[in-house]
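Data first, discussion second: the structure below is written as structure tokens.
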Amino acid sequence: MDSISYTKSRADVVVNDFVRSVYNWMCIGLALTGFIAFYVSHSETMMRMIFGNSFLFFGLIIAELALVFTISSRVNRMSASTSTALFVIYSALNGVTLSFIFLAYAKASIVSTFFICSGTFLATSIYAWTTKRDLTSLGSFFIMGLMGIIIASLVNLFIRSSAMSMIISYIGVFVFIGLTAYDTQKLKNMALSQPDGLDTAVIRKGAILGALSLYLDFINLFLMLLRIFGGGRE
């Protein structure tokens, strides 16, 4: 009986350490993104260089997409330190491209929306972690919704409809709440299925991959909410 209790407590420690590592890295990524976005927004030279040069701006966007693809598809082939470095670089680049929000929205709106997003994200994560319902089938539905948002957003780049932009934002909130729940439950299953004695480097890479998924959910949910609740600068 004591042996069983020890094994169970050891497994709980491994799961807790993994989950804590995931959320720690997600928070580090968000903090780095926020700091760099704030810093860049207060540098007129950098803002002109980034947003005044479409080639550079879209180059940064492509670099971000390449980093996400590389981490997601090749994390098992790279070292733990490399995957961590790429995640940090991605978070920093995302801060650069998101610096425009400090010019487009009032700081009070950004702060209040951040807290709304944090509360929503936390509530969704708790639900996904505690529910006994399998969210796997819903994951495909929300991923399809994400594809629809991307296509609609690209179309709206040409027609520039404020009404369509608002519709996309509302649908986006629904989709990213769903993806947050899906990714959180997937993270839970990943943590519970870890074999005993797993190499720490493998655990770190899994934590980085989980942190990237939750980071993307949080950032996109925040941006969708900011479009809805964010007030323009006065």
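Here are the numbers for this structure:
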{"item": "Options 168, 151: the member that is under 23 Å from residue 227 (Cα atoms), touching a Ser or Thr at 6+ places or on another chain (Cβ under 8 Å) and of a type outside the set (Ser, Thr, Tyr)", "result": "168"}
{"item": "Pick from the stretch 141-169, criterion among the hydroxyl-bearing types (Ser, Thr, Tyr) and over 18 Å from the mean Cα position of the chain (by Cα), ranking: surrounded by the fewest Cβ atoms within 10 Å (Cβ to Cβ)", "result": "162"}
{"item": "Count of residues meeting criterion [within 17 Å of residue 223 (Cβ to Cβ) and either among the hydroxyl-bearing types (Ser, Thr, Tyr) or not in a helix (DSSP H, G or I) (or both)] in the stretch 144-164", "result": "2"}
{"item": "Residue tally, condition surrounded by fewer than 16 Cβ atoms within 10 Å (Cβ to Cβ) and either more than 22 Å from residue 194 (Cβ to Cβ) or among the polar types (S, T, N, Q) (or both), over the stretch 14-33", "result": "3"}
{"item": "Meets criteria (in a helix (DSSP H, G or I) and farther than 30 Å from residue 45 by Cβ) for residue 97", "result": "no"}
{"item": "Complete set of residues in the stretch 61-93 that are out of contact with any Leu (no Cβ under 9 Å at 6 or more places or on another chain) and surrounded by 14 or more Cβ atoms within 10 Å (Cβ to Cβ)", "result": "80, 82, 84"}
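No value in this document is a laboratory result; all are computed from the given coordinates. In this text, all values refer to a predicted model and were calculated from it rather than measured experimentally. No Cβ is skipped: glycine too gets one built from the backbone with ideal geometry, and neighbour counts run over all protein chains shown.
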